[in-house]
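Derivation of every value follows stated rules applied to the coordinates shown; laboratory data play no part. What you are looking at is a predicted structure, and each value in this text was computed from that prediction instead of being measured. When we count neighbours, we look across all protein chains shown, and the Cβ atoms used for this are built from the backbone with ideal geometry, even at glycine.
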Amino acid sequence: GESVGLHLPTLSVQEGDNSIINCAYSNSASDYFIWYKQESGKGPQFIIDIRSNMDKRQGQRVTVLLNKTVKHLSLQIAATQPGDSAVYFCAERAWSGYSTLTFGKGTMLLVSP
Amino acid sequence: GAVVSQHPSRVICKSGTSVKIECRSLDFQATTMFWYRQFPKQSLMLMATSNEGSKATYEQGVEKDKFLINHASLTLSTLTVTSAHPEDSSFYICSAPQRVNSGNTIYFGEGSWLTVV
């Protein structure tokens, strides 16, 4: 399972491969999910989002899949590039009127040329 | 370009002093903003919700007298770390929801590195 604290789970892939990053969430009341990319020393960058009434959403080179039955979220990146190397966080929101997000622990993606 | 701006991006202060970090929404109004703290190789932890025109809402375990939040206008929230100690050294990030047709999209600032020496 994932470690807490100093060591992020790491996914290492070769340039051109497809990458799949997984996330488990715990709150069945969450209705909105977002994937963020965070490069070293920078703030999180929005990648793609999905609402709980959907199970799949596609963007440019990215696809998010949502399985509410097992509370699982995944981010698929097609034709991974070295510039995709970063830490990826999933975030969930249980609607409270204030858009409060709960972040997952994060996965580091390392892309080798 | 950035839709949420933070300043400063890096700051070094001496123990016992106070430091202010600003979070601005660009080209949109944000009645609510959020402040997070992030330690190296860890996830973002919500510290508080900043509300324009009212008091901030702090998460459990966050000292409101140490981390002062002021939502001065619909585009500006500030976080002041008072009587800073070395253990306050961290990456502080703000976010603001921007209302779009289908709901809210939540944008983050670039973060502010605080080092207390």
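Annotations for the structure displayed:
- By the beta-carbon count within 10 Å of each Cβ, the least crowded to most crowded order of A:S26, A:S85, fewest first, is A:S26, A:S85.
- Here the label points at B:N51 and A:D31, each 7 Å from Cα along the C-beta direction, are separated by 1.9 nm in the simple model.
- Rounded FRET efficiency, nearest 0.05, which uses the C-beta distance separating B:V117 from A:S12 and R0 of 35 Å: 0.45
- Evaluated over the protein assembly as shown, the count of Lys pairs having alpha-carbon atoms less than 21 Å apart is 19 (only pairs 8 or more residues apart or interchain).
- Proximal charge balance of A:S26 [Cβ under 11 Å; K/R count +1, D/E count -1]: 0
- If you take all other residues with their beta carbon under 13 Å from the beta carbon of A:E92, and give Lys and Arg +1 and Asp and Glu -1, the sum is +3.
- Cα centre as origin, Lys/Arg/Asp/Glu Cβ charges: chain B dipole, Debye: 80
- Sequence-distant contacts, meaning Cα pairs under 8 Å at least 6 residues apart, place the relative contact order of chain A at 36 percent.
- Residue by residue along B:35-42, Cβ atoms of other protein chains within 10 Å of the local Cβ number 4 on average.
- Exposure proxy ranking, count of Cβ atoms within 10 Å, fewest first, for A:T69, B:T49: A:T69, B:T49
- Relative packing of peptides B:31-44, B:57-70 - highest average C-beta neighbours within 10 Å first: B:31-44, B:57-70
- Length-normalised contact order for chain B - Cα pairs under 8 Å, 6+ apart - percent: 36
- Between the listed residues B:T57, B:A96, B:Y36, the Cα displaced farthest toward the positive end of the dipole of the stretch B:35-111, a dipole computed from Cβ unit charges relative to the Cα centre, is found at B:A96.
- Surrounding net charge for A:G41, when Lys and Arg each add one and Asp and Glu each subtract one, Cβ distance under 14 Å: +2
- Solvent-free Debye scattering, log10 I(q)/I(0), computed from the Cα coordinates of the protein assembly as shown at q = 0.11, 0.15 Å⁻¹: -0.56, -1.03
- Other protein chain C-beta atoms within 10 Å of residue C-beta, averaged over A:39-48: 5.
- The mean number of partner chain beta-carbon atoms within 10 angstrom of a residue's beta-carbon across peptide B:107-113 is 4.
- Förster radius 45 Å - calculated FRET efficiency between B:K20 and A:Q81, Cβ distance, rounded to 0.05: 0.70
- The charge dipole of the protein assembly as shown, taken about the Cα centre with unit charges on the Cβ atoms of Lys, Arg (+1) and Asp, Glu (-1), comes to about 180 debye, rounded to the nearest 20.
- Each residue of the stretch A:40-56 is assigned a 3J(HN,Hα), and the resulting list reads 3, x, 10, x, x, 10, 4, 10, 7, 10, 8, 9, 5, 8, 10, 10, 7 Hz, derived from the Karplus form 6.51 cos²θ - 1.76 cosθ + 1.60 (θ = phi - 60°), x at Gly and Pro.
- Among A:A86, A:S12, A:T63 - extreme Cα towards positive end, dipole of chain A, charges at beta-carbon: A:T63
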